[in-house]
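Visitor: The structure's right below; bear with me while I get my questions together.
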């Protein structure tokens, strides 16, 4: 049974966000039970009358199997809080989105990301800074995150791709409703070397009220947020505000006090944002020179409890796969699959005849009870 379709179902109900989703899971145990629950039970789980009415109405009009089939046809990946692949950094924020819709691929290395945001009415100065910044980030293996809007956002995405880097757009619409429409080709390119992400269900139009909330995801996915140019009412300032609340570094590019596009960034600096005077400011604040080392270390870290368990069994003395299975008390198919992946990561080495040894530089972030 595919329980993710129930996550999608609740994601369609207005008034059910992260807090209410947590409450439903805590009360019912899973969302399938919550979806079919009686109104009286839903009330006991903490839902208000209007939300219950919307849910009951949706259950009679929404075909979750049909919606799921359409999601699969569109090549959309669904990640929920319960998925290991759900972005680790995003889990850290207050009320992370319960469901993410992804076209393209979010990779573990995208943990190392910087958001570059700004005005749609970018100046030549803003364009130059954005291009230099995005090129620098891509060259140092950092993913560039932005919102696919006209101006600074689009320039950041385009430059990262041109430099051979990865880039991710967070939308204020469904991932099948690219906005603005002239950026559809850009979005398609990004899906090849990055992703287009939204917490809005497929089919959701790009309504104005959707964009401010999505900015918390842009900052939540990032190590830091850089605002290149922004007017006094720019949405980029909302992203910066979310970033500060989430404990992310906030940088702003200073500009002329006479330029409307710099009024917002200059105000950010006045209010405590770090002035970005050169890329060296990013290097020092984020320790960018160590990103390559950190990525390499992640590749040899156990990614789950099975890998960690096998590392407690393996030593520098060759051990046959059957003996590994016996000592680990794990099914042979799980042992074989894990060993194959661990060998690719450089965590273990096969020394012939299905015998394996551990590479002892590996350190575990998982605790395995003996």
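A short reminder: the numbers here are calculations on the coordinates, not readings from a lab. Remember, it's a predicted structure, so these values are computed and weren't measured experimentally. Backbone-built Cβ (ideal geometry, glycine too); neighbour counts: all protein chains shown.
Visitor: Between 44, 88, 128, find the one with the highest GNM mean-square fluctuation for the chain; connect C-alpha pairs within less than 10 Å.
Guide: Of 44, 88, 128, the most mobile in the Gaussian network model is 44.
Visitor: How many nm is it between the label spots at residue 74 and residue 359, if each spot is 7 Å from the Cα in line with the beta carbon?
Guide: 4.0
Visitor: Normalising by the residue count of the range 1-70, find the relative contact order in percent from Cα pairs under 8 Å and 6+ residues apart.
Guide: Once normalised by length, the contact order is 40 percent.
Visitor: Simple spin-label model, 7 Å along Cα-to-Cβ: residue 162 to residue 92 in nm?
Guide: For residue 162 paired with residue 92, the spin-label model returns 3.2 nm.
Visitor: Which of 199, 153 comes first, and how do the rest follow, when ranked by fewest Cβ neighbours within 10 Å?
Guide: The most exposed by this proxy come first: 199, 153.
Visitor: Restricting to Cα pairs below 8 Å that are 6+ residues apart, what does the relative contact order work out to for the chain? Please round to a whole percent.
Guide: Normalised by residue count, the contact order of the chain is 12 percent.
Visitor: Related question: Can you give the extra length, in nm with one decimal, that the chain gains between residue 66 and residue 26 once fully stretched, where that is 0.36 nm per residue apart less the Cα-Cα distance?
Guide: 11.7 nm
Visitor: Starting with the fewest neighbours, write out 157, 183 ranked by other beta-carbon atoms found within 10 Å of each beta-carbon.
Guide: 183, 157
Visitor: Right, here's the next one. Tell me, what is the FRET efficiency for residue 329 and residue 257 to the nearest 0.05, using R0 = 41 angstrom and their Cβ-Cβ distance as r?
Guide: E between residue 329 and residue 257, to the nearest 0.05, is 0.05.
Visitor: Debye sum, Cα scatterers, the chain, no solvent: what log₁₀ I/I(0) at q = 0.07, 0.14, 0.15 1/Å?
Guide: Per q value, in the given order, log10 I(q)/I(0) is -0.38, -1.16, -1.23.
Visitor: Only Cα pairs under 8 Å and at least 6 apart count here; give the relative contact order of the range 103-294 as a rounded whole percent.
Guide: With pairs under 8 Å counted, the relative contact order is 22 percent.
Visitor: Also, I was wondering about something else. R0 = 30 Å: FRET efficiency of residue 283 with residue 84, Cβ-based, nearest 0.05?
Guide: My answer for the efficiency is 0.45.
Visitor: Return 257, 155 ranked ascending by Cβ neighbour count within 10 Å, so the fewest neighbours appear first.
Guide: 257, 155
Visitor: Report for the chain the percent antiparallel among DSSP-assigned beta bridges with both residues inside it, nearest 5.
Guide: Approximately 40 percent, going by the DSSP bridge assignments.
Visitor: Expected output is a single nm value to one decimal: the length gained when fully extending between residue 188 and residue 109, i.e. 0.36 nm times separation in residues minus the C-alpha distance. What is it?
Guide: 26.4 nm
Visitor: Taking a ≥ b ≥ c as the square roots of the eigenvalues of the Cα gyration tensor of the range 300-358, is the shape rounded (a/c under 1.5), prolate (a/b larger than b/c) or oblate?
Guide: Note, shape of the range 300-358 comes out rounded.
Visitor: Please give the FRET efficiency for residue 267 paired with residue 349, using the beta carbon to beta carbon distance and R0 = 45 Å, rounded to the nearest 0.05.
Guide: Step by step, r from the Cβ atoms, then E = 0.20.
Visitor: What does the helix-only formula give at 222 nm for the chain: each DSSP H stretch with n ≥ 4 adding -39500 (n - 2.57), the total divided by the residues, and the result rounded to the nearest 500 deg cm²/dmol?
Guide: -13500 deg cm²/dmol
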